[in-house]
Amino acid sequence: MSNLPETMNPDVAHKLLKVGEVFRIPGPFFSYEEIKMGNVNHTYKVNYIRDDGSGMAKIKSYLVQRVNTYAFQRPLELMSNIDKVTEYIHANFPTVKCLHFHHTAERHNYLMDEDGFWRLSNYVPSVTFNSCEDLEIVRSAGQAFGDFQMMLSEFDASSLYYTIPDFHNTRKRYEKLKADMAEDPCGRVAEVREELDWLLSVEDEACKLTDLYEAGELPLRVTHNDTKINNVLFDEESLKPLVVIDLDTVMPGLVGHDFGDAIRFAANFVEEDSPEAEKAGLNLNIYWAFAEGFLKETAPALTEAEVATLGDSCFTLACELSTRFLDDYITGDKYFKIKDPKHNLTRTRCQIALAKDMRKKMDAMNAIVRDGWVRYKK
């Protein structure tokens, strides 16, 4: 390791080499680079020299991640979920590209040692988009998340752990908001009375998905739970979707959770923390493009009740996140990272403005979804 490039830390390189050995990666390790993606885990691209089968050298790369166990406090359950889902896809859809996490000799897809909690997966050359106005890219992202759902439509979601309990239980999100509002630990409730009053006025509407599920009217499915467009890898040349990544939040949920969160993030006219809340709203073109891609894959597997709630799910997710941002502001900004003292309040106002615009456009949203489902379910 003494001839490492100057940009490489010898201690890091040595650790990554040891991780590779535990995951039984063959061939000489020769370099690494830190990948600045995501805000939670530490990620490294590690490079090995490999014989291509004809005596010629080729480079084979992998991703090594040190999982943030403060953010993910149930890492063994998290990796169990990932293992079950990826192994199921590999077994049942062998020609489909899927993330592949390597196993140790003991058949673990993780390594837990004195330096942290590690995992290693194949590196996929690709491009990603944090946001996009290109409707074809948006449609392809919808198709990728829809395909992920479709491949797992026969998978027993109840066999997975809830790694974040009540993550999308909107009723409980509201209960926490109301409890913290009553306690008012930072004396901020008076300042946000308008936002609180509006959120409480739409509580039953926002909790529709939770109530329908608890009444047995919506089926439990395997959900991704972080359906941002940047969690789809695209081919560098054709820009076709390759694979859905970031499976840390895969667990049981409702199809609307994935659809609604994707729309909430991708189809807003502004960023989710824009200080110009008056400009927030639903871009129906983005909504339509994502819905087309998503339904093209999922329509045959969706129930009529699920389809009827896809538009509502967007409103639900915008309200749910509003309650989370506002609750964090009321309790002193302990959960979400903030850039300024009013950051969570800015986020709240932007999400509320988006939710209000969704209500105005709900008839159009429902018509788009219904039309796509009818066309593609055949």
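A few comments on the model shown:
- Taking every protein chain into account, the accessible area of the chain amounts to 47 square angstrom per residue (probe 1.4 Å).
- Rel. contact order, % - alpha carbon contacts under 8 angstrom, at least six apart, the stretch 96-180: 15 percent
- Considering only Ser31, Ser201, Ser153, the mean-square fluctuation computed in a Gaussian network model of the chain, springs between alpha carbons under 10 angstrom, is largest for Ser201.
- For the stretch 242-286, taking the reciprocal of the average inverse distance between every pair of different Cα atoms yields a Kirkwood hydrodynamic radius of 12.4 Å.
- Members of Lys208/Lys339; Lys178/Lys279; Lys279/Lys361; Lys178/Lys339; Lys15/Lys36 lying beyond 21 Å, as alpha-carbon distances in this model show: Lys208/Lys339; Lys178/Lys279; Lys178/Lys339
- Accessible-area composition of the chain, carbon plus sulfur, in percent [1.4 Å probe]: 50 percent
- Glu191 accessible area, assembled protein chains, probe 1.4 Å, Å²: 80 Å²
- Sequence of Asp258, Asp340 when ordered by accessible area, the most exposed leading, probe 1.4 angstrom: Asp340, Asp258
- Quotient of Cα Rg and 2.2 N^0.38 Å for the stretch 108-239, N being how many residues it contains: 1.44
- Val189 accessible area, 1.4 Å probe, all protein chains in place, Å² to nearest 10: 10 Å²
- Taking other residues whose beta carbon is less than 14 angstrom from the beta carbon of Thr163, and scoring Lys, Arg as +1 and Asp, Glu as -1, yields -4.
- Alpha carbon convex hull of the stretch 10-169, projected area averaged over orientations, nm²: 12.2 nm²
- Charge tally around Tyr376: other residues with Cβ under 15 Å, Lys/Arg +1 each, Asp/Glu -1 each, net 0.
- Order of exposure, largest accessible area first, which applies to Leu209, Leu111 with probe 1.4 Å: Leu111, Leu209
- When nucleic acids and ligands are ignored and a 1.4 Å probe is applied, Arg188 ends up with an accessible area of around 60 Å².
- Inverse mean reciprocal Cα-Cα distance (Kirkwood Rh) of the stretch 179-333, Å: 17.3 Å
- Sorted largest first, extent of the stretch 200-254 alpha carbons per principal axis (Å): 47, 25, 18
- Helix content alone sets the calculated 222 nm mean residue ellipticity of the chain: runs of n ≥ 4 DSSP H residues at -39500 (n - 2.57) each, divided across all residues, give -14500 deg cm²/dmol.
- Proximal charge balance of Lys60 [Cβ under 13 Å; K/R count +1, D/E count -1]: +1
- Span-rule helices in the chain, defined as complete DSSP H runs reaching 30 Å or more along the axis (Cα) with Kyte mean at least 0.5: none
- Computed across the stretch 14-91, the Kirkwood hydrodynamic radius from all distinct Cα-Cα pairs reaches 14.5 Å.
- Binned Cα-Cα distance frequencies in the stretch 107-176 - 10 Å width, integer %: 13, 21, 38, 27, 2
- Relative contact order of the chain, pairs being alpha-carbon contacts under 8 Å that are 6 or more residues apart, as %: 17 percent
- Shape descriptor for the chain: Rg over Rh equals 0.99 (Cα atoms; Rh from the Kirkwood inverse mean 1/r).
- Look at the alpha carbon pairs under 8 Å that are at least 6 residues apart: their mean separation over the length of the stretch 147-267 gives a relative contact order of 33 percent.
The values are calculated or read from the model by the stated rules, or taken from the named source; none is laboratory data. None of the values given here were measured: they were computed from a predicted structure. A quick note on method: Cβ atoms are made from the backbone with ideal geometry, for glycine too, and the neighbour counts reach across all protein chains shown. For the accessible areas, the whole protein counts, side chains as well, though only heavy atoms, and no ligand, DNA or RNA atoms are used. Shrake-Rupley method; radii C 1.70, N 1.55, O 1.52, S 1.80 Å.
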